[in-house]
Amino acid sequence: MTARPLGAPRPASLRTTPAHPARATRCPHCHANPGHHCTTRTGKRLPTPHPARLSAHTQTVACCPTCQVEPGTPCHDAGRPRRTVHARRYQEAEDTR
């Protein structure tokens, strides 16, 4: 075993993967604060964000090519608001990463 001083930085090979960009927004499903993992009812941390959090993040960062709305505006179908965003808006958000 290699001795290293206490408080030394963790080697790059052992560092965790970068956080998902959707963690920058509050989760409307479990109410996890920005920067925190989504959780279940029992408090178990989830490795990926809830779909509602992904949708909320996509709505804040990407324009929708389907219904032509700007970031921050919810998607709509012929004037009726949608519960989630269009699939093409998810692709747009991936491109802005």
Task: Dipole of the chain, positive direction: furthest Cα of P49, P65, P11, with charges on the beta-carbon - done: P11
Open item on the list: Leaving ligands and nucleic acids out of the surface, order S55, S13 by accessible area at 1.4 Å, largest first.
Closed with: S13, S55
- [ ] For H76, list long-range residues whose amide hydrogen, built 1.01 Å from N in the peptide plane, is under 5 Å from its own amide hydrogen.
- [x] R82
Task: Cα point-scatterer Debye curve for the chain, base-10 log of I(q)/I(0) at q = 0.21 Å⁻¹ - done: -1.02
Open item on the list: Give me the percent of accessible area attributable to carbon and sulfur for the chain, probe 1.4 angstrom.
Closed with: 55
TODO: Determine the gain in length on full extension of the stretch C63-H36; use 0.36 nm per residue of separation and subtract their C-alpha separation, reporting nm with one decimal.
DONE: 7.2 nm
Open item on the list: Per residue, how large is the accessible surface of region 36-97? Use a 1.4 angstrom probe and give square angstrom.
Closed with: 70
Open item on the list: Which one, P11, P51, P74, has the greatest fluctuation when you compute a Gaussian network model over the chain with C-alpha springs under 10 angstrom?
Closed with: P11
Task: Charge sum, other residues only, whose C-beta stays under 11 Å from P34's C-beta, Lys/Arg counted +1 and Asp/Glu -1 - done: +3
TODO: With label points built 7 Å along Cα→Cβ from the Cα atoms of R45 and A87, find their separation and express it in nm.
DONE: 3.3
Task: Net +/- balance of residues flanking R88 in space, Cβ distance below 14 Å, scoring K and R +1, D and E -1 - done: -2
TODO: Round to the nearest 10 and report in Å² the accessible area of L14, as given by a 1.4 Å probe over the protein chains' heavy atoms.
DONE: 110
Open item on the list: Could you give the length gained by full extension between R10 and R26, i.e. 0.36 nm per residue of separation minus their alpha carbon distance, to one decimal place?
Closed with: 2.9 nm
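The values are calculated or read from the model by the stated rules, or taken from the named source; none is laboratory data. The shown structure was predicted, so the numbers you read here are calculated from the model rather than taken from an experiment. As a convention, Cβ positions derive from the backbone with ideal geometry for all residues, glycine included, and neighbour counts pool all protein chains shown. Quick note on the areas: whole protein, heavy atoms, side chains included, nothing else; ligands and nucleic acids left out. Shrake-Rupley method; radii C 1.70, N 1.55, O 1.52, S 1.80 Å.
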